[in-house]
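Participant: Quick one: structure below, then a few questions.
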Amino acid sequence: MKTIPSDVDVVLPCLNEAEALPWVLERIPPGWRALVVDNGSTDGSAQVARAFGATVVREPHRGFGAACHAGLTAATADVVCFCDCDASLDPSLLIPFVRRVREGEADLVLGRRRPQGRGAWPAHARAGNLALARMLRRRTGLRLRDLGPLRAARREPLLALGLTDRRSGYPLQMVVRAADAGWRIAEYDVPYLPRTGASKVTGTWRGTWHAVRDMSRVLAEAPGEAPAVERDAR
């Protein structure tokens, strides 16, 4: 059995996920640090995170990208991972992602979500993801099948991408700028479970539309372009 890679930070953007956090944090691989980025929770998420040994980072500016980037800038490990903390994805699945990055097989590894059971991935969210994957292919040539939130890369190169989106476009901007920089990007199949609690982004057609709008703005960037920071209230 291979040993678990060390020196890894896991960024967990969090807005009212107190119910799901215990399940997620119990699955962080031994020796890794969980960075729970509290994006204005009112349900005691920060207290739950601390009780389970996580480091809590506060990000007062609302927005998925704002929370992700606050976690990235707070990270100190060589490799940084990202994972939703709604119990839809198991962070222990990141172990092979980190190995591929460490062994030089890829610069950015993304989880391709494979829904497990009904309700794991609503039809409108899948449709939005498919549309974005097609637009991404036209923009970069990448033949990715998912733009999921489970991912791993080295911290310093991630910071050097100069990510500016602070809304739903952040995960896509990471991929677009990585592709423009010539990164090797790989996908890894992962089971996708029904989330705990209500989704803040893709749980409704309206939320999905806003996410697609934000990501379409990212795809309109010219290579090397650095737009103004985008913030949003979730």
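Participant: Just from its helices, what would the mean residue ellipticity at 222 nm be for the chain, if runs of 4 or more DSSP H residues each count -39500 (n - 2.57) and the sum is divided by every residue, rounded to the nearest 500 deg cm²/dmol?
Facilitator: -10000 deg cm²/dmol
Participant: Run the numbers on the chain and let me know its relative contact order in percent, using alpha-carbon pairs under 8 Å that are six or more apart.
Facilitator: 24
Participant: Which net charge results when you count Lys and Arg as +1 and Asp and Glu as -1 among the other residues whose beta-carbon is under 14 Å from that of Gln47?
Facilitator: Around Gln47, the surrounding residues sum to -2.
Participant: Ignoring ligands, DNA and RNA, what percent of the 1.4 Å accessible area of the chain is carbon and sulfur?
Facilitator: 51
Participant: So which GluC sites (Glu not before Pro) in segment 1-56 pass both tests, a DSSP loop state and at most 10 other Cβ atoms within 10 Å of the Cβ?
Facilitator: Of the GluC sites (Glu not before Pro), not one in the loops of segment 1-56 has a Cβ with at most 10 other Cβ atoms within 10 Å.
Participant: Here's a follow-up. Could you tell me how many cubic angstrom of Cα convex hull volume the chain has per residue?
Facilitator: Measuring per residue, one finds 112 Å³ for the Cα hull of the chain.
Participant: I would also like to ask the following. Roll a 1.4 Å probe over the protein chains and send me the accessible area per residue for the chain in Å².
Facilitator: Here the residues of the chain average 44 Å² of exposed surface.
Participant: How big is the C-alpha Rg of segment 8-86 next to the rule-of-thumb value 2.2 N^0.38 Å, as a ratio?
Facilitator: That works out to 0.95 for segment 8-86.
Participant: Still on this model: If you build a Gaussian network model of the chain, linking Cα atoms that sit under 10 Å apart, which residue out of Pro171, Pro30, Pro191 swings the most?
Facilitator: For the chain, modelled as a Gaussian network with Cα springs under 10 Å, the answer is Pro30.
The values are calculated or read from the model by the stated rules, or taken from the named source; none is laboratory data. Note that the structure is predicted; figures quoted are calculated from it, not measured. FYI the Cβ positions are ideal-geometry reconstructions off the backbone, even for glycines, and counts take in every protein chain you see. Protein only, heavy atoms only, side chains kept; ligands, DNA and RNA dropped before computing areas. Shrake-Rupley method; radii C 1.70, N 1.55, O 1.52, S 1.80 Å.
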